[in-house]
Amino acid sequence: MSPDSHNKDQINCWTSGLAPDPSAHKLQVQGLYKAYGQTLALDRVDLHVAAGEFVTLLGPSGSGKSTLLQLICGLTPPSGGKLLIDGRDQTFAPPAQRDIGVVFQNYALFPHLSVGENVAFPLRIRKVDRAAMARRTEAALEMVGLHGYAARMPAELSGGQQQRVALARCLVYRPSLILMDESFSALDRNLRLVMQDEVRRIHRETGTSFVFVTHDQEEAMTMSDRICLMNQGRIEQFDTPRALYATPRTVFAANFIGASTILHGVVRAGGVLATAMGDIPLPHACSAPAGTKGAVVLRPENLALGPAQDSGLGGTVQDVTFNGPDQRVVFRLRNDECVIIRAPVGMALHAGQPGSLQWEPGDGHFIPCS
Ligand SMILES: Nc1ncnc2c1ncn2[C@@H]1O[C@H](COP(=O)(O)OP(=O)(O)O)[C@@H](O)[C@H]1O
Ligand SMILES: [Mg+2]
């Protein structure tokens, strides 16, 4: 389906022609926490989502993403803290009163109802009249690229199509906030990429706020206005994808977002970090005083493979793979740590070749560590 195949009138009827006011908070989470017995699934989290914003909760399994989503939609009550939607306290409001749509990983379609009846279901509950129901069901199906599928049964659809029906069933009652929990993780890679584009387009066209959950950093980077990186029930960092990549605040964030080489040490006078493998230059932006413990984070695009040298960051090439635009080199440092470097396609390289890790002095990012 082409993204341009939508009837503009339908899109206008969706948004009422009003762009969301980004200065308005759609969602405010204040000191929210959730305990299950001794387990603190969510540990006093503060989070603001602007109207029309696309926010992704990213983090490893067990970091509290689903718990936070369930508290936002009201499926689970919090142990403490506050939740405001459109500025109103909804901490303990029943799910139906929250004007929120939810799409889970398992599509949860009614198997005995047709696609059209599945999508119309929320409108039937809301007692919308027949003509409006038919019109809005068709518009929602068109929005997700399933025009003409209303009479099919869920069992006659692929996994990707069922996920689209689940999305249409949520879009049909035009919630101003949509929550999606690992919704694409059951789909194969190509289909996942198509669905990512579709959801981005729907976000643009409807102006709906989204809170999207994934454990896949690439998915989070491509989809989001901002990423809320979670770790052990807490927010590690809440930033734009660009800022998370360029200026991670913790070693966890640097490791979770993108490939990185992390060199630990202590700041010394003269703008160097003393590491176990010798002194290395500190990034230009680092103003930490001498004696500060920390780490320099270098991304693959910062690094180059230089000639062998006896001291410093010398090592050997362990593996080389052709990667299309460049070669991916696994380089083993003297301390046995492996680093990923990109090398030009024309560079002659082989396993066992000695070399050294090089970068522009001043490049990289410094993270203070206690
Ligand atoms: N219903 C529950 N009962 C007990 N512990 C739970 C329950 N739901 C989640 N947890 C625990 O809370 C933590 C966070 O879980 P969850 O929010 O599902 O993480 P994520 O979605 O990031 O994988 C985990 O340690 C998990 O085992
Ligand atoms: Mg989860």
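The values are calculated or read from the model by the stated rules, or taken from the named source; none is laboratory data. Everything numeric in this text was worked out from a predicted model, so none of it was measured. FYI the Cβ positions are ideal-geometry reconstructions off the backbone, even for glycines, and counts take in every protein chain you see.
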Filter the stretch 151-161 down to the residues that are more than 22 Å from His203 (Cα to Cα) and surrounded by 18 or more Cβ atoms within 10 Å (Cβ to Cβ) and list them by number. Pro154, Leu157
Checked the stretch 45-72 for anything part of a strand (DSSP E or B) and either in contact (Cβ under 8 Å) with a residue 40 or more places away in the chain or within 12 Å of ligand 2 (Cβ to nearest atom) (or both); matches are Val45, Asp46, Leu47, Val49, Ala50, Phe54, Val55, Thr56, Leu57, Leu58
If I ask for residues that are among the basic types (Lys, Arg) and over 20 Å from Ala140 (Cβ atoms), which ones from the stretch 170-193 would you list? Arg189, Arg192
Search the stretch 212-241 for residues being under 20 Å from Ala51 (Cα atoms) and part of a loop (DSSP other than H, G, I, E, B), and hand back the single one that is nearest to ligand 1 (Cβ to nearest atom). Ser224
Which numbered condition Thr137 misses (of (1) surrounded by 19 or more Cβ atoms within 10 Å (Cβ to Cβ); (2) in contact (Cβ under 8 Å) with a residue 60 or more places away in the chain; (3) touching a helix residue (DSSP H, G or I) at 6+ places or on another chain (Cβ under 8 Å)): (2)
Could you go through the stretch 94-101 and let me know if any residue there is more than 16 Å from ligand 1 (Cβ to nearest atom) and under 21 Å from Gly160 (Cβ atoms). yes
If you check Arg169, Arg192, Arg164, which single one turns out to be touching a residue at least 24 places away in the same chain (Cβ under 8 Å), buried (at least 18 other Cβ atoms within 10 Å of the Cβ) and farther than 19 Å from Gly101 by Cβ? Arg192
Counting only residues that are in contact with a His (Cβ under 8 Å, 6 or more places away or on another chain) and modelled with pLDDT of 95 or more, how many does the stretch 70-106 have? 1
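Matching residues to (1) free of Cβ contacts under 8 Å to residues at least 60 places away in the same chain; (2) in a helix (DSSP H, G or I); (3) touching a strand residue (DSSP E or B) at 6+ places or on another chain (Cβ under 9 Å):
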position	(1), (2), (3)
Arg201	no, yes, no
Glu205	no, yes, no
Phe210	no, no, yes
Ala243	yes, yes, yes
Arg249	no, no, yes
His284	no, no, no
